[in-house]
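Mind having a look at this structure? Questions to follow.
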Amino acid sequence: MPFVTLQPPLEKGLEAYPQVMPKPLVVAILDSEDEKEGRTCAIVTFAFRYIHPASGAQVDVPEGYVTDFASIPAAARGVFPPFGRHAKAAVLHDWLYLIGEPGKRPFADRIFLDAMDDLGVSLPRRTIMYQTVRVAGGGAYAKEADTWSKAFGDWRTGERRTPSFTADAHYQQHWPVPPRPDYRP
């Protein structure tokens, strides 16, 4: 499985915790006043990494990132809930959209599709979700200036906080392995 949870900081009292733990996405659910357009939000409590098999890229999502999982419009939530088997792929995709690296939107969308496949999301569901972000996701890509300060929180208190790093700095430091130069989404 290409998802791993990165080691929790030692100050959390987990000295014996393994360096990486395969599979889980660990979050703290926020209260209802922190919903985003009627969708429950959560704070990523432990950073996690996705290793994209097709391109060799590794993408880190940091601790403290606030997610609403899949940003599904209210009218479609009965068929496509924000949380489900696709949740980790949705958090990863939202993170890549927040970072908004110029020219990388097709790659972000392809990672979403491939991550859903890795997670066992059915072919019809992942195809519809992928096509939806390809057609309707452009307005959300690279909106960092509008949302960066609201995109992080302290999972212990639930309070929003401004990160100590910029999107560009995080992208440069935490994309440990970029996609192979010959990879095309």
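The values are calculated or read from the model by the stated rules, or taken from the named source; none is laboratory data. Remember, predicted model here, so these are calculated numbers, not experimental data. Don't worry about glycine lacking a Cβ; one is built from the backbone with ideal geometry, like all the others, and counts go over all protein chains shown.
Determine, yes or no, whether ARG105 is under 13 Å from the mean Cα position of the chain (by Cα), among the basic types (Lys, Arg), surrounded by fewer than 21 Cβ atoms within 10 Å (Cβ to Cβ) and modelled with pLDDT of 85 or more.
no
Here is a further query. I'd like the residue in the stretch 120-138 that is assigned to a loop (DSSP other than H, G, I, E, B) and surrounded by fewer than 13 Cβ atoms within 10 Å (Cβ to Cβ) and, out of all such residues, is modelled with the highest pLDDT.
SER122
Right, next: If you take just the strands (runs of 3 or more DSSP E) that sit entirely in the stretch 1-69, which of them hold at least 1 residues that are modelled with pLDDT of 85 or more?
42-44, 48-51, 58-61
Pairs please, first residue from the stretch 82-95 and within 13 Å of TYR130 (Cβ to Cβ), second anywhere and surrounded by fewer than 24 Cβ atoms within 10 Å (Cβ to Cβ) and of a type in the set (Lys, Arg), Cβ atoms under 6 Å, 6+ apart in sequence or on different chains.
Listed pairs, sorted by first residue: none to list.
Please go through the stretch 86-119 and pick out each residue that is part of a loop (DSSP other than H, G, I, E, B) and either under 17 Å from ILE51 (Cβ atoms) or in contact with a helix residue (DSSP H, G or I) (Cβ under 8 Å, 6 or more places away or on another chain) (or both).
HIS86, GLY100, GLU101, LYS104, LEU119
All but one of (1) without any contact (Cβ under 8 Å) to a residue 60 or more places away in the chain; (2) within 13 Å of the chain's Cα centre (by Cα) hold for GLY137; state the number of the condition that does not hold.
Result: GLY137 passes all but (2).
May I pose another question? Hey, does the stretch 139-151 have a residue that's at pLDDT 90 or above and surrounded by fewer than 20 Cβ atoms within 10 Å (Cβ to Cβ)?
no
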